[in-house]
Amino acid sequence: MMPDLGRYATEVLMAYGGSIALLVIIVGVSIWKAGQVRRRLEVVEARREGPRR
Amino acid sequence: MASLWEYANPRKFMNTSAAVLPWVSAAAALCLVVGLIWGFFFTPDDFRQGSTVKIIYLHVPAALMAINAWLMMLVASLIWVIRRHHVSALAAKAAAPVGMVFTLIALYTGAVWGQPMWGTPWEWDPRLTSFLILFLFYLGYMALWEAVDNPDSAADLTSVLCLVGSVFAIISRYALLFWNQGLHQGASLSLDAEQNVADVFWYPLLVCIAGFVFLFLALVLYRTRTEIRARRLKALIAQERMT
C-alpha cells in the first residue's frame, strides 16, 4: 500500500509527519482551551444564578 | 437578508456559528483526508523532483492560507478600528495562532523540500525572507494580545501591528514579481493552463486547498467562540469583585 518514495522517502515522510503533527497540535490546543474556558464560565454563571433561586 | 453587522452581536454570532461549525469541520476533515491520501498514495512522481512533489499538497495550501489568514485578520482589525465591534477583534485574535501554524508548515515543508532540490533548506531569498518576517509578525501579534491587560487597548494596538504586517503578507505573495533573482520558483498555480501544474497534481491539490480553507474557517469560528466566552468570563469575574 505504501508508495515507493525512492531516494526522497525521508524528506517526504518528514514533511507529512511534521505538518500533520502541527495541525493536530493546533486543533488539540483549541479544543483543550475551549473546554477549560467553558467549564470556568459554567462555574461562575452557576455561582451568579445560585442566590437568585 | 440579514445584515452582516448582525453578527457583531455575540449572541447572534454564537447561535449562527454553532449551527455552521459541524458542517465546516466535516468539510475540512473530508477534504483533508481525501486530498492528502489522493496526493500521497495515488499521484505519480515528478520527472525532476521525484517523490518530493508530494510535499506540494501541504506546502502550497499552507502558504496560501498563511497569507490569507493575515489578510482576514487585517479586515477584522479594520472593522474593529472603524466600527468597534468586539467580535471582529476577537476573530482576528482567534485567527492568529492558526495563521502562525500555517506559516510554520509552509516554512518547514519548504525547508524539507529545499534540501534535496536546492541543496539547502534555507536561502535569504525574497519570498522565503518575507515569509519568515510574516511568521515573526504572527508571534509578535500573539505576544501583544497577551501583554496588554485591557482588551480594548490590546485590540487597538494589535490592529496597528496587523496593518504594518500586511505589507509583509502582500510582499510574501508578490515577492516573485518584484524580485525575480530569488531561488524560489514561480507560482505553482495559474489560471493559464500552460503555466499551471499538470492536472494529475492539480486536482488533489485543489482538494487539499479546500481542506485548508475549511480547516481555517472551522478553527477561527471555534476559537472565536472560545474568545467570546473568555471575555464574558473576565467580565463576570470583574463584576463579582466589585460587588
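Selection of region B:40-53 for residues being assigned to a helix (DSSP H, G or I), facing another protein chain (nearest Cβ under 8 Å) and in contact with a helix residue (DSSP H, G or I) (Cβ under 8 Å, 6 or more places away or on another chain) yields B:F40, B:S51, B:T52. Per the conditions (1) more than 10 Å from chain A (Cβ to nearest Cβ); (2) surrounded by 15 or more Cβ atoms within 10 Å (Cβ to Cβ); (3) farther than 13 Å from B:F201 by Cβ; (4) modelled with pLDDT of 95 or more, the sole criterion not satisfied by B:A62 is (1).
Looking at B:I56, B:I37, B:I67, which is the one that is in a helix (DSSP H, G or I) and touching a Lys or Arg at 6+ places or on another chain (Cβ under 6 Å)? So the residue among B:I56, B:I37, B:I67 that is in a helix (DSSP H, G or I) and touching a Lys or Arg at 6+ places or on another chain (Cβ under 6 Å) is B:I67. For region B:140-158, the candidate set comprises residues that are under 13 Å from B:A94 (Cα atoms) and touching a residue at least 12 places away in the same chain (Cβ under 8 Å); within that set, the residue that is surrounded by the fewest Cβ atoms within 10 Å (Cβ to Cβ) is B:M142. A count restricted to region A:24-53 and to residues that are touching an Asp or Glu at 6+ places or on another chain (Cβ under 9 Å) and within 15 Å of B:R223 (Cα to Cα) stands at 1. Within the bounds of region B:108-122, is there any residue that is more than 14 Å from every other protein chain (Cβ to nearest Cβ), within 29 Å of B:G211 (Cβ to Cβ) and surrounded by fewer than 16 Cβ atoms within 10 Å (Cβ to Cβ)? So far as region B:108-122 goes, yes, one or more of its residues are more than 14 Å from every other protein chain (Cβ to nearest Cβ), within 29 Å of B:G211 (Cβ to Cβ) and surrounded by fewer than 16 Cβ atoms within 10 Å (Cβ to Cβ). The residues listed here are A:A15, A:A21; of these, the one that is closer than 18 Å to B:C208 by Cα, at pLDDT 95 or above, out of contact with any Ser or Thr (no Cβ under 8 Å at 6 or more places or on another chain) and among the small types (G, A, S) is A:A21.
When you scan region A:38-47, do you find a residue that is among the aliphatic types (A, V, I, L, M), within 7 Å of chain B (Cβ to nearest Cβ), farther than 27 Å from B:Q49 by Cβ and assigned to a helix (DSSP H, G or I), even just one? Yes, that holds for at least one residue. Restricting the search to helices (runs of 4 or more DSSP H) fully inside region B:124-243 and requiring at least 2 residues that are within 14 Å of another protein chain (Cβ to nearest Cβ) and either modelled with pLDDT under 85 or closer than 16 Å to B:L71 by Cα (or both) gives B:126-147, B:199-242. Candidates in region A:1-19 are the residues that are of a type outside the set (A, V, I, L, M, F, W, C) and buried (at least 18 other Cβ atoms within 10 Å of the Cβ); of these, the one that is farthest from the other protein chains (Cβ to nearest Cβ) is A:Y16.
Among residues of region B:20-41 that are touching a residue at least 12 places away in the same chain (Cβ under 8 Å), those with a beta-carbon under 9 Å from a residue that is outside any helix (DSSP H, G or I) at least six positions away or on a different chain give the pairs B:F40/A:P3.
Taking the conditions (1) out of contact with any Lys or Arg (no Cβ under 9 Å at 6 or more places or on another chain); (2) within 13 Å of another protein chain (Cβ to nearest Cβ); (3) hydroxyl-bearing (S, T, Y) in turn, B:S88 satisfies each one other than (2).
The values are calculated or read from the model by the stated rules, or taken from the named source; none is laboratory data. Note that the structure is a prediction, hence the values are computed from the model and not measured. Heads up, the Cβs are rebuilt from the backbone with ideal geometry, glycines too, and the neighbour counts pull from every protein chain shown.
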